[in-house]
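Q: Sharing a structure here in structure tokens format.
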Amino acid sequence: MRNDGGETMVMERNSLHKRPNLSSLFQQSEPSLFSVKNSVVVEDVFPNSKSSASLASPRNSNCTTTSGEGSPYIMSPWNQPSPYNKSPWIAPSPLENDFGQNGLIGSIVREEGHIYSLAASRDLLYTGSDSKNIRVWKSLKEFSGFKAKSGLVKAIIVLGDRIFTGHQDGKIRVWNVSSTNPSVHKRFGSLPTLKDIIKSSVKPKNYVEVRRKRSVLRIKHFDAVSCLSLNEELGLLYSGSWDKTLKVWLLANSKCLESIDAHDDAINSVVAGFDSLVFTGSADGTVKVWKRELQGQGTQHFLVQLLLKQENAVTALAVSQESAVLYCGSSDGLVNFWEREKHLSHGGVLRGHKMAVLCLATAGNLVFSGSADKSICVWRREQGGIHTCLSVLTGHTGPVKCLAVEEDHQTSTKADRKWIVYSGSLDKSVKVWRVSEHAPDLKEIKHGYLNGYAANDDAVMGKR
């Protein structure tokens, strides 16, 4: 099928496309994650986990299941690709009757590039790919789009009518939604602004020496912008980069307030958290905590804590504002977490993947982890900090690279909150799922299935 622009749009199909192996995919796009030290793909991580935090977990065995017969991936009734070939925009979940409309509800497939970034805002979904396009979707149909001149789109942040995109070429681009036509997005500028670049370039002190004895302006990223995070209350934007720096931007005037040499290797994730804290995760295997404090007439961020130091790369971070918990995904397939109410003490480890965790998202009491193993684990935080694996969402044919979540206002209630989950993959697709916060966990599902089988056996034998 071709759209108005002449491009090919392909609906979801059951046949699998031939693709390069996972290692080559990541070597092309994220070389910092595929060093010998920080290997993303681990064949068997559970017996030989090198995470220093996982061994100290007070609830290491309670909040997860491991590999083998009890694996949530094997047990999940959602462990199957969509059986629907027709109309993926409105395809109902195969579990609609049994599990309250939970599961896959639609897919978007467009053969123009791997999906590297997602952002959901109001009723719109923004997708970024290595085609340099940012597509805008509404009700799972293409609504609009805009394109950068260079640099695949590694991060998207939406704030009102303004969109911030982080790119492989080291630039942060800013776009505005037209006030007269919401489908029109116009380039507003870049961070830093051209004016600030010219002003800063005059003074030698504003330059820093980088690799190969090359000097660059301190206010500019000179490598891929891998992650963005907002503190809306303070009007600050944080950007992390493969150049190992964390930069702080004031949205009111687009100025770079700080440039922090934060890590010894590429920064893969940054997230603004609670209590004026900012968390950064890096390919150097560390998670660092930064605190914003008054410094003279301005503010400055100081390193206040090192939460994790391990051999495996830190690949994703997410903060649950509701429960004040920080989650950290690593290249060994583990998700560690820390709790604010216990002074950021280590709370435990979630074991649901056998390959690298590439993205994390939180909503309500739920945590979502997307992995290079092509699956998404759905976890629910229970009282006492225990986490239960509710389900494993499967159907992607490539690594799950990004996640976005928003509440499903049409079906969600106070008693049972429901969420729409968007997952972007290196299979060039976005899948859309509905997840209930009160869905039965895997143990309950397995128990129900066993009872069902027993009842069927009794019926065959004439028992009642």
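Results for (1) within 23 Å of E233 (Cα to Cα); (2) within 22 Å of the chain's Cα centre (by Cα); (3) buried (at least 21 other Cβ atoms within 10 Å of the Cβ), shown as yes or no for each residue.
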residue	(1), (2), (3)
K288	yes, yes, yes
E293	yes, no, no
T299	yes, no, no
V304	yes, no, no
K309	no, yes, no
E322	yes, yes, no
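Q: If the Cβ limit is 9 Å and pairs must be 6+ apart or interchain, which residue in segment 173-187 that is among the aromatic types (F, W, Y) pairs with which residue that is open to solvent by 30 Å² or more (accessible area, probe 1.4 Å) and not in a loop (DSSP other than H, G, I, E, B)?
A: Every condition considered, the pairs that remain are W175/R162; W175/K186; W175/R187; W175/F188.
Q: Quick check on T413: is it of a type in the set (V, I, T) and at pLDDT below 95?
A: Taking the combined requirement at face value, the residue satisfies it.
Q: Consider W242 against the criteria (1) open to solvent by 10 Å² or more (accessible area, probe 1.4 Å); (2) among the hydrophobic types (A, V, I, L, M, F, W, C); (3) closer than 29 Å to E322 by Cα: it satisfies all of them except one. Which criterion is unmet?
A: (3)
Q: Scan segment 402-436 for residues that are open to solvent by 30 Å² or more (accessible area, probe 1.4 Å) and either assigned to a strand (DSSP E or B) or of a type in the set (A, V, I, L, M) (or both) and report the count.
A: 5
Q: In segment 112-130, how many are within 14 Å of T165 (Cα to Cα) and outside any strand (DSSP E or B)?
A: 1
Q: While we're on this one: Of the residues V435, V367, which is farther than 16 Å from G333 by Cα and either of a type in the set (V, I, T) or at pLDDT below 95 (or both)?
A: After applying the criteria, what remains is V435.
Q: Next question. Listed residues K199, K149; which is farther than 21 Å from V271 by Cβ, in a loop (DSSP other than H, G, I, E, B) and basic (K, R)?
A: K149
Q: Give the residue that is surrounded by the most Cβ atoms within 10 Å (Cβ to Cβ), with candidates limited to residues of segment 156-191 that are over 25 Å from the mean Cα position of the chain (by Cα) and in a loop (DSSP other than H, G, I, E, B).
A: P182
Q: Can you tell me which of S375, S330 is open to solvent by less than 10 Å² (accessible area, probe 1.4 Å) and farther than 15 Å from G281 by Cβ?
A: Exactly one residue qualifies, and that residue is S375.
The values are calculated or read from the model by the stated rules, or taken from the named source; none is laboratory data. What you see is a predicted model; the values in this text were computed from it and never measured. Every residue, glycine as well, gets a Cβ built from its backbone with ideal geometry; the counts of neighbours run over all protein chains shown. Ligands, DNA and RNA are stripped out before the accessible areas are found, and what is left, the full protein with its side chains, is counted by its heavy atoms. Shrake-Rupley method; radii C 1.70, N 1.55, O 1.52, S 1.80 Å.
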